1. Considering only residues that are open to solvent by less than 30 Å² (accessible area, probe 1.4 Å) and farther than 23 Å from Pro24 by Cα, which ones fall in the range 241-257?
2. Need pairs with beta-carbon distance below 7 Å; first residue of a type in the set (A, V, I, L, M, F, W, C) and within the range 273-294, second in a helix (DSSP H, G or I) and surrounded by 11 or more Cβ atoms within 10 Å (Cβ to Cβ); sequence gap 6+ or separate chains.
3. Please specify each residue of the range 68-87 satisfying the condition of being in a helix (DSSP H, G or I) and either at pLDDT below 80 or under 22 Å from Leu195 (Cβ atoms) (or both).
4. Within the range 160-177, track down each residue that is touching a residue at least 40 places away in the same chain (Cβ under 8 Å) and either within 22 Å of Ile33 (Cα to Cα) or in contact with a strand residue (DSSP E or B) (Cβ under 7 Å, 6 or more places away or on another chain) (or both).
5. Hey, can you tell me all the residues within the range 274-321 that are within 16 Å of the chain's Cα centre (by Cα), surrounded by fewer than 16 Cβ atoms within 10 Å (Cβ to Cβ) and among the hydroxyl-bearing types (Ser, Thr, Tyr)?
6. So Gln90 passes all but one of these: (1) modelled with pLDDT of 85 or more; (2) open to solvent by 70 Å² or more (accessible area, probe 1.4 Å); (3) touching a strand residue (DSSP E or B) at 6+ places or on another chain (Cβ under 9 Å). Which condition number does it fail?
7. Hey, any hits in the range 36-59 for a residue that's out of contact with any helix residue (DSSP H, G or I) (no Cβ under 6 Å at 6 or more places or on another chain), in a helix (DSSP H, G or I), of a type in the set (Val, Ile, Thr) and at pLDDT below 90?
8. Tell me, which residue of the range 131-176 that is open to solvent by 40 Å² or more (accessible area, probe 1.4 Å) and small (Gly, Ala, Ser) is nearest to the chain's Cα centre (by Cα)?
Amino acid sequence: MKKIILSALMLFSAATAFSQARKPIIMVIPSDIYCTRAGYVTTYQDESGNTQTAADYSKAFLNDENLRLAISEMSSIMAERGFPLKDLEQTLKSMENQQAEAALFAGAGGGSIYESPLDKLKRTAKADIILDLDFSVKTSGPRKYVSFNLRGLDAYTNKVITSASGQGAPSTAVPVGLMLEEAVLNYMDPFNAALQAHFDDMFANGREVTISVRMTENCPVTMYDDFDFMGETVALSDIIDWWMDENTVNHRFSRAGGGDYYTDYEQVRIPLYKTVLGKERAIDTRSFAMDLARFLSKEPFNLPFKLNERGLGNVWIVLGD
């Protein structure tokens, strides 16, 4: 009996240590409010042809020394607490290279890729959590102080995990980065604890994403067509529900809606990691959707497909030629 209890305790301790060893990957970005207030904005065309306004992070870095100092200081604070970071400035450079490649792809007849600047940033960085930072330097007589608002956002769902706001003590000669550090330090322990708790929940219960299965006009089947599957005659939509139930973490997903030519899923909990060729690898929404699409491309369905990434946490599987 003692051996059984000891073995159970060792397994529990190993699982706990394994979970605690993992930290969410974080990236700090200036908030939309900050960029709009300072005039760091750009416009782009969405897939409907409408003009949208978004934060221009490259312009902000080129023109705002205080912002660079503030983000550098926040990154340092998180790094000291053991949280892996993605550097915003380096990620922006990677995006520029990807945009050049995408232009070549479109020129070769590959079609247009519609993403907001923030969606492109998230897809390139592949961070788990975004720290959305708004701050301002204010004056009180001869002294200055920093007021800040910091939000932790799930990069895949944009849901707010936790937030903190406050202001630092006035000073006459302290740099902006140090003023921000003094302002936020009192809030960081509970703030980081909330981020880690959110990541631990993802580790145990899966990352939340959205998957849509759509059909082209020339798709040879509908969602309600029957197939011989596992010894039964089952509608395609029910077979996709079965696949979701088999492959989501703890069978957690929600069927948001459906019809003859589409089925939408929300709150789809996908695992963070899986073993591929003997090595553990991170899973994102696209790789999870690809597994479903490949399942539908085989017997008895034989459905050609295309994946349409509509953000880091939202993928469409389009069935048909």
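1. Passing the criteria: Trp243, Met244, Gly257.
2. Leu292/Trp243
3. Correct list: Ala70, Ile71, Ser72, Glu73, Met74, Ser75, Ser76, Ile77, Met78, Ala79, Glu80.
4. Val176, Gly177
5. Ser287
6. (3)
7. Within the range 36-59, none of the residues are out of contact with any helix residue (DSSP H, G or I) (no Cβ under 6 Å at 6 or more places or on another chain), in a helix (DSSP H, G or I), of a type in the set (Val, Ile, Thr) and at pLDDT below 90.
8. Only one residue tops the list, namely Ser163.
The values are calculated or read from the model by the stated rules, or taken from the named source; none is laboratory data. Everything numeric here is computed off the predicted structure, so don't read it as measured data. Reconstructed Cβ throughout: ideal geometry from the backbone, glycine too, with neighbour counts over all protein chains shown. In case anyone asks, the SASA skips ligands and DNA or RNA and just uses the protein heavy atoms, side chains included. Shrake-Rupley method; radii C 1.70, N 1.55, O 1.52, S 1.80 Å.
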